[in-house]
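As structure tokens, the structure follows; a few thoughts come after it.
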Amino acid sequence: MTLETLVPVNEMDGRRLYYTFIAGARKVIEHQVELNKINVFPVNDGDTGTNLASTIRAVVDSLHPHRSYKITADRIAETTLVNARGNSGIIFAQFLYGMSTETGNFKTITINQFAESIKNSVRYIYEAVANPVEGTMLTVIKDWANYIYDNRNRITDFNQLFISSFDVLNRSLIATKSKLAVLTKANVVDAGARGFVFFVEGIIDFITNRNLKELIHVRAETALFEKLEEAIPEKVDFRYCTEALIKNSSINNKSLLQILEKYGNSIVIAGSDKMRRLHLHTNNPAGLFSELRNTGTLAFQKADDMIRQSQVVNDRKWKIALVTDSTCDLAQDIIDNYQINMLPININFGENHYLDKITIQTDQFYTLLKESKDYPKSSQVNEKSFINLYSHLASHYDSIIAIHLSDKLSGTFNSSQKAAKAISKEFNKSISVINSKNISGALGLVILRTAQAIEAGYSHDQVVHMAERWTNSAHLFVSVRTIKYLVRSGRVSIVRGLLARILNINPIVSIDETGKAILFGKTFSQKANMVKVMKHITKIHHGKKIWNYIVLHANNIDAAQWYSSRMEILTDKKPAFVVNISPVLGAHAGTGAAAVALLFD
């Protein structure tokens, strides 16, 4: 179809806006691997394509067209703002937010009205970024918006306007390579800018092809590309790419910026007081969110490990990626050495949301557990988080193995399975998801042994087979100091809890062979139930060899030392490490709990 045969479009309604957006979104999703490979700014972490695709996928998955342009624009803006990921994702979402804010309450809009809203939205993205840098997505959006505005009276057809804008857009994109030294050095254009150009290219494809049926059934199918020139590795100064959604903020942007600047850089603040989206790079997300929790409701948080992402792109030790969740209790140096990808469980104290072991550390959790009126609730890692991670890993690894806490304790395993199925099909890569039927240190030992098998060079299928066998040989025994946390969490009824307190009964919590939490036993003191645990371990140890063990505690180092000394006598080896119990387990076992996890050979 030529430009001459296209039916002129002088006004745009909500349905046309919706399908225009979907067309642009599809193009970005199809090219996310390419965007990941050219991502070197602001950090060489290889996830710009994944982040942009995630930001716009939410619109594809959840929205339906409305006839009103204003209503559709508002819905697209809100959805992308809530689901925005990464620096470029939040800038793009802020651009859409500015566009919707600057649009009057129109059911349809003219080119003049559209051009005004686009031109005015540029101010929103520059104000959102603490230190705007030219030669990035900001510049390309600005140049495109200026072209639309400058030609609003000369061109009266939306189709012609979009198609004719491409030359300016492409020139602006190419110029990014010479405007930033890091891009010149890597010989690539800015990945965020390229993503925006892909978005407009998708719109132009839709205009010229007019395949509405294809858009209605659009699926996130990712095209694999031949490897481009490798991005040049750079030192990552701040480990976590951190984001948050703060509702009903009690402070203004200036005050918020002052807080964020204390913790890192690459700061973006989008949205309004009612719903504000934050982005920054920091080494201390837990400290940041401890300070932010008094400025509004922390409705959402994200903290991607950029060191791990950079390793995925530039310094992979092996061809198989290993994934788990934050209920896996391992020392951080083990996690770093084996490049283990760990997704955090969500923890909520009332309306405030945290990410286990990232935006709330274990010691902070136990302090809040003691002081907060709201009892913490944990929730599974959602499918979308796994899709984002698996998309990124599948771009660089040959295959992926994921091992999670018991499916009897959380829906995380099921979320991981669903995401793995989708991404495995999309990338044509093997992704195996294993139910550990355990939690905490027991899961940690299975992950550690699996990591060592990958290091030893076993194939994907061999590692999966061994890991499934190891899950049946892992055990966890938790000595609880007080029953009140089991009562508060609902694991034990109030009546039974009261009776247990009167009788001074201390339970022992374990996990059965199906992965279900059980009360293994009870005594009249924590010391007595620790002795009982050791007697049981000695009994089941007979005729078997313990491969390794971990000692865990919830702010009870004395109990941990007692367990360590007894286990060392039994096994003739020191514990692999001594760590704090995962908050997800600690929420039920409570402060003072102590535990032993072991894995038989």
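The figures follow:
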{"quantity": "Residues of segment 311-339 classified as touching a residue at least 60 places away in the same chain (Cβ under 8 Å) and touching a Lys or Arg at 6+ places or on another chain (Cβ under 9 Å), total", "calculated": "3"}
{"quantity": "Single match in 58, 130 (criterion: closer than 26 Å to residue 305 by Cα, of a type in the set (A, V, I, L, M, F, W, C) and out of contact with any Leu (no Cβ under 7 Å at 6 or more places or on another chain))", "calculated": "58"}
{"quantity": "Of the criteria (1) more than 30 Å from residue 36 (Cα to Cα); (2) in contact with a helix residue (DSSP H, G or I) (Cβ under 9 Å, 6 or more places away or on another chain); (3) assigned to a loop (DSSP other than H, G, I, E, B); (4) not small (Gly, Ala, Ser), which one residue 397 fails", "calculated": "(1)"}
{"quantity": "Some residue of segment 128-147 being free of Cβ contacts under 8 Å to residues at least 40 places away in the same chain, touching a Phe, Trp or Tyr at 6+ places or on another chain (Cβ under 7 Å) and in a loop (DSSP other than H, G, I, E, B)", "calculated": "yes"}
{"quantity": "Inter-residue pairs, beta-carbon under 6 Å, first among the polar types (S, T, N, Q) and in segment 401-425, second in a helix (DSSP H, G or I) and surrounded by 20 or more Cβ atoms within 10 Å (Cβ to Cβ), 6+ apart", "calculated": "415/386; 416/386"}
{"quantity": "Selection count, segment 8-27, where residues are out of contact with any Phe, Trp or Tyr (no Cβ under 7 Å at 6 or more places or on another chain) and assigned to a loop (DSSP other than H, G, I, E, B)", "calculated": "2"}
{"quantity": "Count - residues of segment 55-67 that are farther than 13 Å from residue 21 by Cα and surrounded by 24 or more Cβ atoms within 10 Å (Cβ to Cβ)", "calculated": "0"}
{"quantity": "Residue match in segment 81-92 (condition: touching a residue at least 60 places away in the same chain (Cβ under 8 Å), out of contact with any Lys or Arg (no Cβ under 6 Å at 6 or more places or on another chain), surrounded by fewer than 20 Cβ atoms within 10 Å (Cβ to Cβ) and not assigned by TED's automatic domain parsing to the domain that holds residue 246)", "calculated": "yes"}
{"quantity": "Hits in segment 165-201 (condition: among the polar types (S, T, N, Q), within 31 Å of the chain's Cα centre (by Cα) and either more than 10 Å from residue 38 (Cβ to Cβ) or part of a helix (DSSP H, G or I) (or both))", "calculated": "176, 184"}
{"quantity": "Condition check for residue 87: within 26 Å of residue 239 (Cβ to Cβ), among the polar types (S, T, N, Q) and part of a helix (DSSP H, G or I)", "calculated": "yes"}
{"quantity": "Answer residue from segment 494-527, given it is surrounded by 18 or more Cβ atoms within 10 Å (Cβ to Cβ) and at pLDDT below 50 and is farthest from residue 405 (Cα to Cα) among those", "calculated": "500"}
{"quantity": "Residue list for segment 400-419, restricted to those being in a helix (DSSP H, G or I), buried (at least 24 other Cβ atoms within 10 Å of the Cβ) and not β-branched (Val, Ile, Thr)", "calculated": "413, 416, 419"}
{"quantity": "Matching residues in segment 563-599 - criterion: being under 20 Å from residue 513 (Cα atoms) and at pLDDT 95 or above", "calculated": "596, 597, 598, 599"}
{"quantity": "Those residues of segment 148-164 which are in a helix (DSSP H, G or I) and out of contact with any strand residue (DSSP E or B) (no Cβ under 7 Å at 6 or more places or on another chain), in sequence order", "calculated": "148, 149, 150, 159, 160, 161, 162, 163, 164"}
{"quantity": "Residue within segment 362-373 that is surrounded by fewer than 23 Cβ atoms within 10 Å (Cβ to Cβ) and within 17 Å of the chain's Cα centre (by Cα) present", "calculated": "no"}
{"quantity": "Among (1) touching a strand residue (DSSP E or B) at 6+ places or on another chain (Cβ under 7 Å); (2) in a helix (DSSP H, G or I) - the single one residue 287 does not satisfy", "calculated": "(1)"}
{"quantity": "Any hit, segment 448-462, residues being assigned to a helix (DSSP H, G or I), touching a Ser or Thr at 6+ places or on another chain (Cβ under 7 Å) and not small (Gly, Ala, Ser)", "calculated": "yes"}
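Okay, residues lined up against (1) more than 18 Å from residue 94 (Cα to Cα); (2) in a helix (DSSP H, G or I); (3) modelled with pLDDT under 85:
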site: 215; (1), (2), (3): yes, yes, yes
site: 218; (1), (2), (3): yes, no, yes
site: 222; (1), (2), (3): yes, no, yes
site: 243; (1), (2), (3): no, no, no
site: 246; (1), (2), (3): no, no, no
site: 250; (1), (2), (3): yes, no, no
site: 265; (1), (2), (3): yes, no, no
site: 278; (1), (2), (3): no, no, no
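The values are calculated or read from the model by the stated rules, or taken from the named source; none is laboratory data. Please read these numbers as outputs of a predicted model, since none were measured by experiment. Reconstructed Cβ throughout: ideal geometry from the backbone, glycine too, with neighbour counts over all protein chains shown.
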